[in-house]
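As structure tokens, the structure follows; a few thoughts come after it.
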Amino acid sequence: MVENAFIRAVDNKGKEIAKYNLSGDASFNGMCSMVFAELYRKDETWKFRAIGDPYPYDSFVEILKNYVYS
């Protein structure tokens, strides 16, 4: 219930690469945490993928259960 709440990622030059507005979006009601993005290494370079998945629980272990690593 915070007005103008958001989370964003910027690159090293200050360019915004992802932003999620958290205020006024009913899909975030009752949520305690969010997987905002993932940073991973592929083909010897770093990659960034915006995700934006909210979760009703605040348990890192429970959130990790939603991901399968190969």
Check your understanding: So, with a 1.4 angstrom probe, what is the percent of accessible area on the chain that is carbon and sulfur?
Key -> 51 percent
Exercise for review: Enumerate the amide H contacts of residue 52 below 5 Å, restricted to partners 5 or more residues apart or on another chain; note that Pro and chain-start residues carry no placed amide H.
Suggested key: 36, 37
Exercise for review: Based on alpha-carbon positions alone, could you give the equivalent ellipsoid semi-axes of the chain from the gyration tensor, as √(5λ), descending, whole Å?
Suggested key: 24, 19, 7
Exercise for review: Provide the per-residue ³J(HN,Hα) series for segment 22-30, in order, calculated from phi with Karplus coefficients 6.51, -1.76, 1.60 and θ = phi - 60°, each as a whole number of Hz, with x at glycine and proline positions.
Suggested key: 9, 8, x, 10, 4, 5, 9, 4, x
Check your understanding: Across segment 43-56, in residue order, what do the Karplus-derived ³J(HN,Hα) couplings come to in whole Hz, using 6.51 cos²θ - 1.76 cosθ + 1.60 with θ = phi - 60° and x for Gly and Pro?
Key -> 6, 6, 9, 7, 10, 10, 10, 6, 10, x, 8, x, 9, x
Review point. R0 = 30 Å: FRET efficiency of residue 60 with residue 23, Cβ-based, nearest 0.05?
Key: 0.75
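The values are calculated or read from the model by the stated rules, or taken from the named source; none is laboratory data. Nothing here was measured: the structure is a model prediction, and the numbers come from that model. Counting neighbours? That spans all protein chains shown, and the Cβs are built from the backbone with ideal geometry, glycine included. For accessibility, only protein heavy atoms count, side chains too; no ligands or nucleic acids. Shrake-Rupley method; radii C 1.70, N 1.55, O 1.52, S 1.80 Å.
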